[in-house]
Amino acid sequence: EAQVTQNPRYLITVTGKKLTVTCSQNMNHEYMSWYRQDPGLGLRQIYYSMNVEVTDKGDVPEGYKVSRKEKRNFPLILESPSPNQTSLYFCASSFLGGQGYTFGSGTRLTVV
Amino acid sequence: DQQVKQNSPSLSVQEGRISILNCDYTNSMFDYFLWYKKYPAEGPTFLISISSIKDKNEDGRFTVFLNKSAKHLSLHIVPSQPGDSAVYFCAASALGGTSYGKLTFGQGTILTVHP
């Protein structure tokens, strides 16, 4: 089944403790991206990647890192999480980039 | 700076009637537009899209209209069904630009279709 898989689904952590949210796709897509969803703000793009070792900032990259060492994986790294990064995060992949992404099921992150 | 705006947070419609969801954008570089639907506890799923070279695109009960001069697009659902109840996101991209992977979303509109 073609899908985007992100883990974990739920995560509660403390301020300053580094964490990684993993994302994997099995569709051989070139593009991958991370979004966060917040009430009243919709979905905001954090980072996106056009191919292996090629990444670019989205609209809200501050406090996040990404890497694309393999085509199928695109982990999101929070080096020092803060409470304002409490959010619902979605990983997505696409064959055609801005022509539409396929989304994972989401990771709900709480930073206390 | 919200480049894609959905000014109606919610919309309530009777089953069988038309649902019209609206979206405005400010970036004149946007040339491709999409609508996504999102159910609780799931990721957004693609619904329908339109290129800026068109002003209308239909797919079954769903039609998207684009008015480039007004920088406005709308999604029509006819007839509306209770299963259409979800959050609808409008999104836009500039395929002709250098940020090909960038897709900008609006705030979303919660559609409720009453039986």
Selected residue (criterion: nearest to the other protein chains (Cβ to nearest Cβ)) from residues of region A:80-110 that are hydrophobic (A, V, I, L, M, F, W, C) and either touching an Asp or Glu at 6+ places or on another chain (Cβ under 8 Å) or open to solvent by 10 Å² or more (accessible area, probe 1.4 Å) (or both): A:103
In region B:87-98, the residues that are surrounded by fewer than 19 Cβ atoms within 10 Å (Cβ to Cβ) and either more than 14 Å from every other protein chain (Cβ to nearest Cβ) or not β-branched (Val, Ile, Thr) (or both): B:95, B:96, B:97
Identity of the residue in region A:28-58, within 7 Å of chain B (Cβ to nearest Cβ) and not in a strand (DSSP E or B), that ends up farthest from the chain's Cα centre (by Cα): A:40
Within region B:1-86, strands (runs of 3 or more DSSP E) holding 3 or more residues that are surrounded by fewer than 14 Cβ atoms within 10 Å (Cβ to Cβ) and in contact (Cβ under 8 Å) with a residue 24 or more places away in the chain: B:10-14
Residue within region A:70-79 that is farther than 15 Å from residue B:102 by Cβ, acidic (Asp, Glu) and either open to solvent by less than 20 Å² (accessible area, probe 1.4 Å) or not in a strand (DSSP E or B) (or both) present: yes
Residue selected from region B:99-113 under the condition among the aliphatic types (A, V, I, L, M) and part of a strand (DSSP E or B), by the criterion nearest to the other protein chains (Cβ to nearest Cβ): B:110
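The values are calculated or read from the model by the stated rules, or taken from the named source; none is laboratory data. No experiment lies behind these values; they were computed from the predicted model shown. For neighbour counting, all protein chains shown are included, and Cβ atoms are generated from backbone atoms with ideal geometry for every residue, glycine included. To get the accessible areas, we keep the full protein, side chains included, count just its heavy atoms, and leave off ligands, DNA and RNA. Shrake-Rupley method; radii C 1.70, N 1.55, O 1.52, S 1.80 Å.
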